[in-house]
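The structure appears below as structure tokens.
The values are calculated or read from the model by the stated rules, or taken from the named source; none is laboratory data. These figures come from a predicted structure and were not determined experimentally. Here Cβ is always computed from backbone atoms with ideal geometry, including for glycine, and neighbour counts include all displayed protein chains.
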Amino acid sequence: MLSKRIIACLDVRDGTVVKGVNFEGLRDAGDPAALARRYNAEGIDEIVILDVTATVEARQARAHTIAAVAREIFLPLAVGGGIRSEADAAAAIEAGADKVSLNTAALADPDLITSLARRYGSQAVIVAIDAKRQDDRFAVYGRSGMAETARDAVEWAREATSRGAGEILLTSIDRDGTKAGFDCELTAAVSDAVNIPVIASGGAGSFEHFAEVFTTGHADAALAASIFHFNEKSVSELKRFLNDAGVPVRM
């Protein structure tokens with residue numbers, strides 16, 4: 001079995017890491033480069049920078065933030081927020097990103113997934129899906145969770161895969177920042193529908209939540225922010241717990 005990945009998410013606004021609940025009520029969590037340096041030392045597997053207001057403010061993720069983080073780490077770096085074109089993706093990769101994450105732009109122009117996959121390889125293209133429960137389905141939202149679309153999360157994940165996405169970054173809006181646990185039903189539904197890695201996001205609050213999403217949720221990776229940023233849990237302790245629980249991780 002392939003090792004499960006632990007990913008730290010840096011939600012950035014105006015050059016500062018922030019974190020909220022259900023995509024709202026953002027509070028300051030520190031300097032991106034300083035946090036990246038700490039996570040690199042603790043043994044995180046990857047880092048994702050999401051410029052949480054770039055799409056709403058119609059601008060690119062800030063190149064200097066990407067470069068500052070890239071200088072501090074020796075592991076894969078993904079960047080999302082404001083990636084609306086091949087030029088935006090090229091700017092992020094030139095600044096130091098290994099992967100780019102598309103959300104709103106992919107919803108508006110799914111062909112962008114294919115063009116970036118052809119240019120950089122599918123391994124460099126992540127499609128981020130922000131989903132919220134609606135009765136018996138999971139609705140997809142764009143524009144940082146502010147705009148509901150007519151798409152279903154499972155069907156959109158299948159389409160994104162067919163268009164060349166190399167990974168799905170799946171965030172439960174209902175669980176985001178709540179520390180109530182990942183939405184394993186949502187994660188399993190998407191993971192079982194596609195043949196590419198699915199990164200679970202939204203709701204991490206304990207070590208047990210990670211073990212659950214890797215087993216019950218069938219996730220390939222799990223992303224968290226709050227519990228790492230505010231020193232509630234350490235990456236190294238989490239990996240020891242998962243290893244003891246029989247979940248394969250990179251030690």
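Here is a yes/no grid of residues against (1) aromatic (F, W, Y); (2) outside any loop (DSSP other than H, G, I, E, B); (3) closer than 21 Å to D31 by Cα:
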position	(1), (2), (3)
A67	no, yes, yes
F74	yes, no, yes
R84	no, no, no
A87	no, yes, no
A92	no, yes, yes
A97	no, no, yes
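Collect the residues in the range 120-136 that are in contact with a helix residue (DSSP H, G or I) (Cβ under 8 Å, 6 or more places away or on another chain) and surrounded by fewer than 18 Cβ atoms within 10 Å (Cβ to Cβ), keeping them in residue-number order.
Selection gives R133 alone.
Hey, can you tell me all the residues within the range 231-242 that are polar (S, T, N, Q) and either touching a residue at least 40 places away in the same chain (Cβ under 8 Å) or closer than 10 Å to K4 by Cβ (or both)?
Correct list: S234, S236.
What are the residues in the range 46-74 that are crowded, with 16+ Cβ neighbours inside 10 Å, in contact with a helix residue (DSSP H, G or I) (Cβ under 9 Å, 6 or more places away or on another chain) and either at pLDDT 80 or above or β-branched (V, I, T) (or both), if any?
I47, I49, D51, T55, T65, I66, A68, V69, A70, E72, I73
Please pick out the residue among A188, A193, A157, A180 that is crowded, with 20+ Cβ neighbours inside 10 Å and either in a loop (DSSP other than H, G, I, E, B) or small (G, A, S) (or both).
A157
It is to be established whether one or more residues within the range 87-95 are within 15 Å of the chain's Cα centre (by Cα) and of a type in the set (G, A, S).
Looking through the range 87-95, none of the residues is within 15 Å of the chain's Cα centre (by Cα) and of a type in the set (G, A, S).
For the range 90-113, which residues satisfy the criterion of being among the β-branched types (V, I, T) and out of contact with any helix residue (DSSP H, G or I) (no Cβ under 9 Å at 6 or more places or on another chain)?
T104
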